[in-house]
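The values are calculated or read from the model by the stated rules, or taken from the named source; none is laboratory data. Since the structure is predicted, the reported quantities are computational estimates derived from the model, not experimental observations. Here the Cβ positions follow ideal geometry from the backbone for every residue, glycine too, while neighbour counts run over all protein chains shown. Ligands, DNA and RNA are excluded from the accessible area calculation, which covers all protein heavy atoms including side chains. Shrake-Rupley method; radii C 1.70, N 1.55, O 1.52, S 1.80 Å.
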Amino acid sequence: MSAPGAYYITTPIYYVNDVPHIGHAYTTLACDVLARFQRLDGKRVLFMTGTDEHGPKVEKTALEQGLTPLELCDRVSGRFRALVETMDFSIDDFIRTTQPRHEAAVQALWQAMHDNGALYLGSYAGWYAVRDESYYAESELTKGPDGGFLAPSGAPVEWVEEPSWFFRLSDWGDKLLELYDRPGFVLPESRLNEVRSFVKSGLKDLSVSRSTVRWGIPVPNDPEHVVYVWVDALTNYLTVAGYPDEGADLWRSFWPADLHMVGKDILRFHAVYWPAMLLAAGLEPPERVFAHGWWTNEGQKISKSLGNVIDPFSLVEKYGLDAVRYFLMREVPFGNDGDFSHTAMTNRLNGDLANDLGNLCQRCLTMIARNCEGKVPAVGAFGEAERALLVRTARLLDEVRELLARQEIHQALVTIWTAIGDANRYFTAAEPWALRKTDPDRMATVLYVTAEAIRRVALLVQPVMPNAASRILDQLGVAADARHFGLFGEVGALTPGSPLPPPEPVFPRWAEPAEARA
């Protein structure tokens, strides 16, 4: 893993034959949540994303659009950069595979594999899907409606015969199976079973160059070939970590990567081909590959042909950034497939955000503003209920840390919202509005304990909803430099008498605009 105190997390780099959709936003958002959490927890983080820009698909699409391949890459890569801004992703590096630093890394990795005897020149004949940039055995194919063969993804395949460099993947089956015995190397567990079964069925050497494609990185000492686009793309994780400068601080701090986050459709590339290539080059494999599920739209598979692709830019414009970020991380157990629906989105906005957290903040802070001179209330004696809520919220950081170490983002939010429910029940049962006349000191204590519980919750929701959390912490008077987890518990507790700004609602209820209903 990364050096102590360091954490390296990666998204897959996204292919530039299409514009960003909900799947791209989902993967990068999950990484952003984990990266933000690690920073707040005191880690030095390297979080990267980027675009995969070589291969025949780019050549073909550029030709169809009357562009050069690089012009197409510049245009689409710009949209992925815009997604980073729109979704407020806290990336540290955005890589493009057309950058000179990346070409140097790819050729260095190739040379290392070649020098170790892992590559040989031969001839490839077999089925290839341009859309997937992947080779398939005939046993994996099905017949399409027009009589042609289709890949498991549904992409058409074509028969390819050409000279090719091969990677001796067949040499690495036993080493990969040993790697899979390492706890947590592939998550969820169901995905580990898939790759283990694939490797046990027998590995064939992998074609890793193309001699009929020009848009790619030249093979060292053999310019008639370009590096197969998946070898090119996977190497980006090394490039960002400073490879091939293995003496640099960046490399020594962050390689091997702590987590490669991928969609389940590209698990084989990341959990079979990639670690085998790294081992063949004398490099350490990543600590973990996590393969998450796919989204459907109102129960339907998402596809351009159905016209139901979910545009993340439109989603944020309609519902707001924090709401979209929360929904995507909360709606389904992370790793499973999930269904997007506007009804489910509305229920999360009005239930979890407006009713639960938003209402708790508004009721507590409004009472403080009206009854405590707009200052953090004075604290009296704690009863059993106060102690129980403070103990409960004090445990949250350890619980969430443990869940996020396994990438259980959904469950972490369930845990936080359970504590929010506890705080709401405490507040309602204590009836501070009644205590205002009968026991104002007790009222102040109830308001203080509730506000402190809100502070702890707000600290923990920062990775998911950074803007909303910031507004809550602003209203609690928590300084910008006091929002890290080192001050999570009693050590960072609110100071009685500190002035607070006037409260403002953070999560308004969502109602469909009248024109949309019409």
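Going through the stretch 275-366, which trypsin sites (Lys or Arg not before Pro) have at most 13 other Cβ atoms within 10 Å and a DSSP loop state?
Details: sites: 288, 301, 304, 318, 325, 330, 348, 363; in loops: 288, 304.
Answer by residue number: 304.
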Worksheet item: What does the highest-first list of 99-110, 441-452 look like by mean Cβ count within 10 Å?
Response: 441-452, 99-110
Worksheet, complete the sentence: With all protein chains present, the chain has a carbon and sulfur share of its accessible area (1.4 Å probe) in percent of 52 percent
Worksheet item: In the stretch 318-454, with Lys and Arg counted as +1 and Asp and Glu as -1 at Cβ, which of these residues, 335, 381, 405, has the Cα nearest the positive end of the dipole, that is, farthest along it?
Response: 381
Item to complete: Show the residues, 5+ positions off or on another chain, whose built amide H is closer than 5 Å to the amide H of residue 95.
Response: 49, 50, 51
Discussion item. Could you give the length gained by full extension between residue 67 and residue 398, i.e. 0.36 nm per residue of separation minus their alpha carbon distance, to one decimal place?
Written reply: 113.9 nm
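Assuming R0 = 41 Å, what is the FRET efficiency of residue 405 and residue 146, from their Cβ-Cβ distance, to the nearest 0.05? Walk me through the intermediate numbers first.
Values: r = 49 Å, r/R0 = 1.18.
In this case the efficiency is close to 0.25.
Stretch residue 131-residue 79 to full length: gain in nm at 0.36 nm per residue minus the Cα-Cα span? Before the final figure, lay out each step's value.
Details: separation 52, 0.36 × 52 = 18.72 nm, distance 2.02 nm.
Extending this stretch completely gives an extra 16.7 nm.
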Worksheet item: From a point 7 Å beyond the Cα of residue 425 in the direction of its Cβ, which residues of the stretch 377-412 have a backbone N at a distance under 17 Å?
Response: 384-396
Practice prompt. Collect residues whose amide H, placed 1.01 Å from N in the peptide plane, falls under 5 Å from the amide H of residue 295; neighbours closer than 5 in sequence don't count.
Written response: 338
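If the chain between residue 111 and residue 60 were fully stretched, how many nm would it gain, using 0.36 nm times the residue separation less the Cα-Cα distance? List each step's numbers first, then the result.
Values: separation 51, 0.36 × 51 = 18.36 nm, distance 2.90 nm.
Gain on extension, residue 111 to residue 60, equals 15.5 nm.
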Worksheet item: Near residue 507, within a Cβ-to-Cβ distance under 14 Å, what is the net charge of the other residues, with Lys and Arg +1 and Asp and Glu -1?
Response: +2
Worksheet item: If you plug each phi of the stretch 131-144 into the Karplus form 6.51 cos²θ - 1.76 cosθ + 1.60 with θ = phi - 60°, what whole-Hz ³J(HN,Hα) values come out, in order, with x for Gly and Pro?
Response: 4, 8, 6, 9, 8, 9, 6, 4, 5, 8, 8, 10, 7, x
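What FRET efficiency, computed as 1/(1 + (r/R0)^6) with R0 = 56 Å and r the Cβ-Cβ distance, is obtained for residue 284 and residue 437, rounded to the nearest 0.05?
Details: r = 67 Å, r/R0 = 1.19.
Using R0 = 56 Å, I get an efficiency of 0.25.
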Worksheet entry | Cα-based reach from residue 200 at 29 Å (exclusive), listing lysines while leaving out same-chain residues under 8 positions away | 143, 175, 264
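Place the peptides 232-242, 427-437, 36-46, 142-152 in order of packing, highest mean first, counting for every residue the other Cβ atoms within 10 Å and averaging per peptide.
Details: 232-242: 24.7, 427-437: 15.2, 36-46: 19.1, 142-152: 11.8.
The densest-packed peptide leads the list: 232-242, 36-46, 427-437, 142-152.
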Practice prompt. Hey, can you grab everything whose amide H is under 5 Å from the amide H of residue 46? Only 5+ residues off in sequence or another chain; H modelled, so Pro and N-termini drop out.
Written response: 7, 8, 9
Discussion item. Quick check for me: using +1 on Lys/Arg Cβ and -1 on Asp/Glu Cβ, what's the dipole size of the stretch 304-368 about its Cα centre, in debye to the nearest 20?
Written reply: 120 debye
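What does the highest-first list of 416-422, 215-221 look like by mean Cβ count within 10 Å?
The densest-packed peptide leads the list: 215-221, 416-422.
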Worksheet item: So what is the accessible area of the chain per residue, in Å², with the probe set to 1.4 Å?
Response: 42 Å²
Item to complete: For an R0 of 41 angstrom, estimate the FRET efficiency from the Cβ-Cβ distance between residue 298 and residue 250 and round to the nearest 0.05.
Response: 0.40
Discussion item. Once each part is reduced to its C-alpha centroid, what is the distance from the stretch 380-434 to the stretch 241-276 in angstrom?
Written reply: 37 Å
Worksheet, complete the sentence: Checked against the positive end of the charge dipole of the chain (+1 on Cβ of Lys and Arg, -1 on Cβ of Asp and Glu, about the Cα centre), the farthest of 472, 151, 371 is 371
Worksheet item: Which value, in debye to the nearest 20, describes the size of the charge dipole of the chain about its Cα centre when Lys and Arg Cβ atoms bear +1, Asp and Glu Cβ atoms bear -1, and nothing else is charged?
Response: 1460 debye
Fill in: Mean-position separation - Cα centroids, the stretch 320-370 and the stretch 169-214, in angstrom
39 Å
Worksheet item: In whole Å, what is the distance between the alpha-carbon centres of the stretch 11-79 and the stretch 439-518?
Response: 34 Å
Worksheet item: Given the chain, what percent of its DSSP beta bridges are antiparallel, to the nearest 5?
Response: 50 percent
